[in-house]
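> Provided herewith is a single structure, encoded as structure tokens, for subsequent inquiry.
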Amino acid sequence: MNWIKELSHTYLLLSEETKATNKKPNVLLIGQSGMIKDVWELKNSHLTPLKQIANVDLVLVDSMTETELAEKCLGYDYLMLNMDFLPSYPDKMDKLTSKFYNHPNIRGLKGINVDMTDADFFSPKLAKQKGILLQTSPNAVTRSVAESAVTEILVHARNRHLAYQDEISGKDVQCRKSIDLFRKNAGIIGFGNIGKAVGEILGGMGMNVLYNDIDKTKPGKMASLEEIFRKCDVISIHVPAIQKKSNISNIGMIDSKLLNLCKGTILVNLATDIIVDADDLIKAIDSGKITGYSVEPGRNITKKLKRKKEVHISPCSFDSTESRRNVLNIWIGNMISTIQGAPSNLWN
């Protein structure tokens, strides 16, 4: 962690130098075209505090490669990034790879500030190697995602989504078998802000909640992954694809070894689709080990998976009026804190 202290000290010195020379740092804020109207509803008034201490250029694009993004970074000190315009790769999380971090135009870049809870898309290990601070926006969408996860659990417990399928197919089904969640076991994988909130809601509904987290010192009923998949009637996943601090990948961590321990389990994954092995998941659904699965649209959501009646493709879980406001406040606040010499919400 010494490198963070050293960089933070460097930023403090740079901040003092900026004050002395009255030279404002240059910030490039770049995102997809719909960011202002459809996503965060960004207005000039939101940027006013930042513009008082920095030169801010706002660029909106429909799509762009990471190389094209790197070319735009020439002359900028900081990058505020909304990643929706960058292409996705089917076999990995990263949207910023060595193509970006090795580009000569980013040599002056001191920090990248993203509008996401996690740093999954931004290769935090490469950022660290280049001495670039990486900031995220934690706890901005906690309540939205937590309430969405609980909604998905209830959808499967009560089979409400199947009623829509019956209506489309012309079936007249008055009642449908469901299960009560009271006194059942719930497993939460990832004891961060969202995982903790989901556990609190399910606990309030009378469920017995078990947690799994890389930090075993956290409060709560901690259990191994194997214990959770063996015991729990409901499992909700809330871990990043790239672990904070260690940069270890969680991609494919939920595989046949864990899924085969289930006995008719509801599995909700509003984290990242490729945390769960898609082929192993389909086998678990076919065998009845998984009786309900919810996931947001993602790169490995195949047609075969979508056709399963047990699968519900959830609309984006983070979006609410409150979450939009939170993201803007934290995202812009991160940039202000960095320029003032005390960067907040560092990922590494």
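Nothing in this text is a laboratory measurement; each read-out follows from the coordinates by a stated rule. Given the structure is predicted, the values throughout are model-derived calculations rather than measurements. FYI the Cβ positions are ideal-geometry reconstructions off the backbone, even for glycines, and counts take in every protein chain you see.
> Under Stokes-Einstein, with the Kirkwood radius over Cα pairs standing in for Rh, what whole-number D in µm²/s applies to region 142-313 at 4 °C and 1.567 mPa s?
Details: Rh = 16.3 Å.
Roughly 80 µm²/s, to the nearest whole number.
> Which peptide among 281-293, 65-77, 44-56 comes first, and what is the full order, when sorted by highest mean count of other Cβ atoms within 10 Å?
Descending mean neighbour count gives 281-293, 65-77, 44-56.
> Using a simple spin-label model with points 7 Å from Cα along the Cα→Cβ vector, what separation in nm is obtained for ASP255 and TYR89?
Here the answer is 2.0 nm between the modelled labels.
> Once Rh for region 66-116 is found with the Kirkwood sum over Cα pairs, what is the Stokes-Einstein diffusion coefficient at 4 °C and 1.567 mPa s, in µm²/s?
For these conditions, the coefficient is 113 µm²/s.
> I need two numbers for region 249-312: Rg to one decimal and Dmax as a whole number, Cα atoms only, in Å.
Radius of gyration, then largest Cα-Cα span, for region 249-312: 10.4, 30 Å.
> To continue, here is another question. Who wins for biggest fluctuation among SER98, SER246, SER256 in a Gaussian network model of the chain, springs between alpha carbons below 10 Å?
Fluctuation is largest for SER246.
> Amide H neighbours of ASN113 under 5 Å, counting only residues 5+ apart in sequence or on other chains, H built in-plane at 1.01 Å?
When sequence neighbours closer than 5 places are left aside, the close amide H contacts are LEU79, MET80, LEU81, GLN135.
> Can you tell me, using C-alpha contacts under 8 Å and at least 6 residues apart, the relative contact order of the chain as a whole percent? Could the numbers behind the result be given before it?
Numbers: 653 pairs, mean separation 63.3, N = 348.
This gives 18 percent for the chain.
> Restricting to the chain, compute how many DSSP beta bridges are antiparallel as a %, nearest 5.
Around 5 percent of the beta bridges assigned by DSSP in the chain are antiparallel ones.
> Using 7 Å Cα-to-Cβ label points, what is the GLU227/ASP286 separation (nm, one decimal)?
Inter-label distance under the simple model: 3.3 nm.
> Something else now. With θ set to phi - 60°, apply the Karplus curve 6.51 cos²θ - 1.76 cosθ + 1.60 along region 204-221 and write out the HN-Hα couplings as whole Hz, x wherever there is a Gly or Pro.
Result, rounded to whole Hz: x, 8, x, 8, 8, 9, 10, 10, 10, 8, 5, 8, 7, 8, 5, x, x, 7.
> Something else: If you take every DSSP beta bridge whose two residues both sit in region 142-313, what share of them, in percent to the nearest 5, is antiparallel?
Numbers: 1 of 24 bridges.
Expressed as a percentage, antiparallel bridges in region 142-313 total about 5.
> While we're looking at this one, here's another question. In whole Hz and in residue order, list the ³J(HN,Hα) couplings for region 106-111 that follow from phi through the Karplus curve 6.51 cos²θ - 1.76 cosθ + 1.60, θ = phi - 60°; x for Gly and Pro.
These are the phi-based 3J(HN,Hα) values: 9, 4, x, 6, 9, x Hz.
> Quick one, which of (i) 72, 46, 34; (ii) 77, 53, 50; (iii) 64, 45, 30 is the actual Cα extents along the principal axes in Å calculated for this model?
Here the calculated entry is (i).
> From the phi of every residue in region 336-348, what ³J(HN,Hα) in whole Hz does the Karplus formula 6.51 cos²θ - 1.76 cosθ + 1.60 yield, where θ is phi - 60° and glycine or proline is x?
Values per residue, Gly and Pro as x: 5, 4, 5, 5, 7, x, 9, x, 9, 6, 6, 6, 8 Hz.
> I need the semi-axes of the equivalent ellipsoid of region 51-151: take the C-alpha gyration tensor, multiply each eigenvalue by 5, square-root it, list largest first in whole angstrom.
Ellipsoid half-lengths, sorted descending, are 24, 17, 14 Å.
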